[in-house]
Structures are given as structure tokens and as C-alpha cells.
1. Of all residues in the range 4-27 being open to solvent by 70 Å² or more (accessible area, probe 1.4 Å) and among the hydroxyl-bearing types (Ser, Thr, Tyr), which is farthest from Cys65 (Cα to Cα)?
2. If you go through the range 32-43 one residue at a time, how many are open to solvent by 50 Å² or more (accessible area, probe 1.4 Å) and over 13 Å from Phe68 (Cβ atoms)?
3. From (1) in contact with a Phe, Trp or Tyr (Cβ under 8 Å, 6 or more places away or on another chain); (2) touching a residue at least 12 places away in the same chain (Cβ under 8 Å); (3) open to solvent by less than 100 Å² (accessible area, probe 1.4 Å), pick out the condition that doesn't hold for Ser49.
Amino acid sequence: MGIVKTIIVLAVIYAIFLFSGYGVTVGSSENAAGLGLKCQYLTARGIVSSQYIHSDSGVIGVANCPIFKKVGEVVDNK
């Protein structure tokens, strides 16, 4: 019974990501001598990358990748 519940929960999470257009952070890396931050987000359609200006304090740009990000392509927007 535990496996069935896990599959159902994963299917519900997938459907939420598919129809809402949000993704969750799966990785990040600094680039451009530490001035840029590349964040990768797992969405229902695959992995999407975003570039941000980076500073450790977060005054200019972001200090860390946002946990959730709205992506451009959503299934129900067409």
C-alpha cells in the first residue's frame, strides 16, 4: 500500500507543476567571475535554466536561487 500512495502523491505533484507552470530548484552554479548565478529548475516539461545577477548580500541581484520559479510555457495557456 505504501508504494501506491507514493505513486499517487508523485502524480499529484506532477500535475500541479504541469498546470501551474512552476518549477523547483535542482541546481545552481556561479558564472562570470561570481557576478552571475545560473539556476536550474525542474518543471513538468523538463529542466529550465535561468540567469540572475549574483551578490552574496543580495542587495544587487540575488544571493541564492529562488526555490520556486514560474516558467514561460504552461500547458493550459494555449
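The values are calculated or read from the model by the stated rules, or taken from the named source; none is laboratory data. What you see is a predicted model, and the numbers here were worked out from it, not measured in a lab. Counting neighbours? That spans all protein chains shown, and the Cβs are built from the backbone with ideal geometry, glycine included. Ligands, DNA and RNA are stripped out before the accessible areas are found, and what is left, the full protein with its side chains, is counted by its heavy atoms. Shrake-Rupley method; radii C 1.70, N 1.55, O 1.52, S 1.80 Å.
1. Our first condition is that a residue be open to solvent by 70 Å² or more (accessible area, probe 1.4 Å); within the range 4-27, this holds for 4-10, 12-14, 16, 19, 22, 26.
Imposing the further condition that a residue be among the hydroxyl-bearing types (Ser, Thr, Tyr) reduces the set to 6, 14, 22.
Numbers: Thr6: 28, Tyr14: 21, Tyr22: 14 Å.
The extreme case among them is Thr6.
2. Kept after step one, since they are open to solvent by 50 Å² or more (accessible area, probe 1.4 Å), are these residues of the range 32-43: 32-33, 35, 38, 42.
Remaining after also requiring over 13 Å from Phe68 (Cβ atoms): 32-33, 35, 38.
Total satisfying the criteria: 4.
3. It is condition (2) that Ser49 fails.
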